[in-house]
């Protein structure tokens, strides 16, 4: 069974799907998780949440590095980590190396040229800085898989912006400008097809590794009635790419309009340098996601 070396860059602690994604990676026998970096407001608390899951999985040795707390150029719109309110229920690492997430990403990727898939499921500040400061690193990746963007269909009563892309639009633009030859984006237009009501989440999250996730989820469910598996879909697609259909083209990021800053523009082109998910098989996804626990 071939394994895949993965580094996870995450804003775990805001939407609950990041925690589900990390739990999936920890349970996936084909995933060699080399490390975790956190991004956006209160990155240390986010690192603490990641360490709680790693400890439940018996993987306390996985390196975890808090990253950038603020976007490159715009004001922070995600300053807090609300799900950290449930951290007191779970043992976790309290302190972490300071200000070296970008260096960790650089060194780990350089140490494993052509072997690492970088999975970015939060605002793209860490990845944007990595690619801007060390342009060689993108070319050393096996692949870049992103949960972010909104590429094809628009949903009724919802605007054209996707959260991860808009929270640091300049970093998003850098990411797509420097993306390695193999890069895939799973956008919200596809991830919205894999949604589960809160009651079903409570019923199905029975595995030991999903218990802390459910605890964190109860914070989320105070203002949401369902869980959308945005980030887990991107993770599962690394190991089961057939659950999605893919299209090739070019992604451009809006940086001129203040109102639409961070909007992702998609142009289909068979010779384009970006791939996006254009559809998903929800039943196949849920079977693959829950099948590892």
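The values are calculated or read from the model by the stated rules, or taken from the named source; none is laboratory data. As the structure is a prediction and not an experimental result, all values here were calculated from the model. We place every Cβ from the backbone using ideal geometry, glycine too, and count neighbours over all the protein chains shown.
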Lone unmet requirement of (1) under 30 Å from residue 210 (Cβ atoms); (2) without any contact (Cβ under 8 Å) to a residue 40 or more places away in the chain for residue 137: (1)
Which one is modelled with the lowest pLDDT among residues in the stretch 159-193 that are more than 23 Å from residue 245 (Cβ to Cβ) and assigned to a loop (DSSP other than H, G, I, E, B)? 159
From the residues in the stretch 263-289 that are under 17 Å from residue 239 (Cα atoms) and within 18 Å of the chain's Cα centre (by Cα), which one is surrounded by the fewest Cβ atoms within 10 Å (Cβ to Cβ)? 286
Quick check: is even one residue across the stretch 13-21 farther than 24 Å from residue 285 by Cα, in a loop (DSSP other than H, G, I, E, B) and touching a residue at least 60 places away in the same chain (Cβ under 8 Å)? no
With the structure loaded, tell me whether residue 165 is surrounded by 21 or more Cβ atoms within 10 Å (Cβ to Cβ), touching a strand residue (DSSP E or B) at 6+ places or on another chain (Cβ under 6 Å) and either without any contact (Cβ under 8 Å) to a residue 40 or more places away in the chain or farther than 25 Å from residue 32 by Cβ (or both) or whether it fails that test. yes
Considering every residue within the stretch 235-252, establish whether at least one is closer than 27 Å to residue 81 by Cα, over 17 Å from the mean Cα position of the chain (by Cα) and surrounded by fewer than 18 Cβ atoms within 10 Å (Cβ to Cβ). no
Just one of (1) in contact with a helix residue (DSSP H, G or I) (Cβ under 6 Å, 6 or more places away or on another chain); (2) free of Cβ contacts under 8 Å to residues at least 60 places away in the same chain trips up residue 94, so point out which. (1)
Somewhere in the stretch 242-256, is a residue within 26 Å of residue 30 (Cα to Cα) and in contact with a helix residue (DSSP H, G or I) (Cβ under 6 Å, 6 or more places away or on another chain)? yes
Scanning the stretch 173-200 for residues that are in contact with a helix residue (DSSP H, G or I) (Cβ under 6 Å, 6 or more places away or on another chain) and over 19 Å from residue 140 (Cα atoms), the one surrounded by the most Cβ atoms within 10 Å (Cβ to Cβ) turns out to be 186
Of all helices (runs of 4 or more DSSP H) fully inside the stretch 194-293, the set with 2 or more residues that are under 19 Å from residue 152 (Cβ atoms) and in contact (Cβ under 8 Å) with a residue 12 or more places away in the chain is 230-239, 282-290
Please go through the stretch 25-63 and pick out each residue that is buried (at least 23 other Cβ atoms within 10 Å of the Cβ), touching a residue at least 60 places away in the same chain (Cβ under 8 Å) and assigned to a helix (DSSP H, G or I). 25, 49, 52, 53
I'm told residue 155 meets every condition in (1) at pLDDT 95 or above; (2) over 15 Å from the mean Cα position of the chain (by Cα); (3) assigned to a loop (DSSP other than H, G, I, E, B) except one. Can you identify the failing condition by its number? (1)
